[in-house]
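Coordinate-derived values only; no laboratory data. Because the structure is a prediction, the values reported are computed rather than measured. Every residue, glycine as well, gets a Cβ built from its backbone with ideal geometry; the counts of neighbours run over all protein chains shown.
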Amino acid sequence: MAKSTNKAFTLVELSIVIVIIALLTAGVMSGQNIIKLSKLQNVIKEIKEIETATHSFKDKFKYYPGDFPSATTYWPSASPAAVNGNGNWQVEISSAEGLQFWVQLNLAGLLPGKYTGTISGVRFKAGVNCPKSILPNGGYNAGHGGVAYYGTTGHYIEFGNLVGSPNGRYNGSILTSADAYLIDTKMDDGFASKGNVYTFRGANSVNTCVTGAYTSASASYILTDTAVNCRLWLWLDKNKQ
């Protein structure tokens with residue numbers, strides 16, 4: 001009878017294979033974490049760029065972009081056309097001011113990109129009439145409001161995912177709680193409802209992301225929530241009527 005040449009793996013060989021698989025898995029996971037961290041760092045860069053541009057505009061023109069009442073005088077032949085704001089120191093997100101915010105920052109040479117200043121679909125469309133984020137489906141809005149948001153009001157930059165409605169804007173979930181916390185700690189104080197960076201549940205999320213929804217002055221991050229349930233606000237000024 002012919003002798004069988006089949007050989008079983010030894011325990012040493014199996015151990016080596018398991019170690020190699022573990023190293024490959026760890027390498028893939030590490031690579032994914034590095035890519036994600038890089039994207040979050042770019043989100044921070046995006047937010048800071050908008051913040052700097054807005055404050056520079058206000059310092060120069062004495063109004064917030066969009067609310068500037070002499071835009072047509074300053075940029076008479078701009079394309080897309082500049083539209084005057086009402087000069088009441090409140091950028092109204094649901095009016096032309098919310099769209100002109102980005103147009104006027106661009107016309108002033110403070111923010112790159114080209115924005116139409118006109119409604120696109122449900123109102124906003126990132127990369128068309130407001131800035132687009134490096135995070136998939138992410139975009140930015142700007143306006144004046146608050147009160148219900150941890151008892152704070154003023155001008156803000158909003159970062160999130162588009163929530164469709166007649167006045168759809170980027171107030172949907174875009175980050176996990178850990179992602180939002182990382183951005184908050186690097187830009188601000190690490191508290192969801194304090195400082196200049198606030199974290200809220202996305203408009204399409206319930207009982208997630210942070211404790212206390214929009215009402216608790218002591219809302220905190222739910223870091224055990226690993227799903228994408230958060231959005232951010234950067235306050236440009238706080239408690240300003």
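As a proxy for reagent exposure, ranking ASP225, ASP179, ASP67, ASP59 by other Cβ atoms within 10 Å from fewest up yields ASP59, ASP225, ASP179, ASP67. When only alpha carbons of the stretch 18-238 are considered, Rg and Dmax amount to 18.5, 71 Å.
Remark: the stretch 221-235, residue by residue, has Karplus-estimated 3J(HN,Hα) of 5, 9, 6, 7, 7, 9, 7, 7, 9, 10, 9, 10, 10, 10, 7 Hz, where x stands for each Gly or Pro and the curve is 6.51 cos²θ - 1.76 cosθ + 1.60 at θ = phi - 60°.
Residues whose amide H lies under 5 Å from that of SER70, counting only those 5 or more places away or on a different chain, are GLY85; hydrogens are built 1.01 Å from N in the peptide plane.
Remark on the stretch 54-164: ratio of C-alpha radius of gyration to 2.2 N^0.38 Å is 1.02. Full extension of the segment from LEU23 to THR116, taken as 0.36 nm per residue of separation minus the current Cα-Cα distance, would add 28.6 nm. Amide H contacts for GLY138 (H built 1.01 Å from N in the peptide plane; partners 5 or more residues away or on another chain; cut-off under 5 Å): SER133.
Where in the chain are the DSSP H helices whose alpha-carbon span along the long axis reaches 18 Å or more and whose Kyte-Doolittle mean is at least 0.5? Passing helices, by number: 11-61.
When each of CYS230, CYS130 is scored by the number of other beta-carbon atoms lying within 10 Å, the sequence from fewest to most is CYS130, CYS230. Only the Cβ atoms of Lys and Arg (+1) and of Asp and Glu (-1) were treated as charged; on that basis the dipole of the chain about its Cα centre amounts to roughly 460 debye.
Evaluated over the Cα positions of the stretch 107-219, the convex hull gives a direction-averaged projected area, one quarter of its surface, of 7.5 nm². As a rough footprinting exposure proxy, the listed residues ILE18, ILE134, ILE157 were ranked by other beta carbons within 10 Å of their own, and the order from fewest upward is ILE18, ILE134, ILE157. The relative contact order of the chain comes to 14 percent, based on Cα pairs under 8 Å that sit 6 or more residues apart. Judged by a Cβ-Cβ distance under 4.7 Å, the unpaired cysteines of the chain are CYS130. P(r) for the stretch 160-235, from all Cα pairs and a bin width of 5 Å, is 4, 20, 29, 26, 14, 5, 1 %, short bins first.
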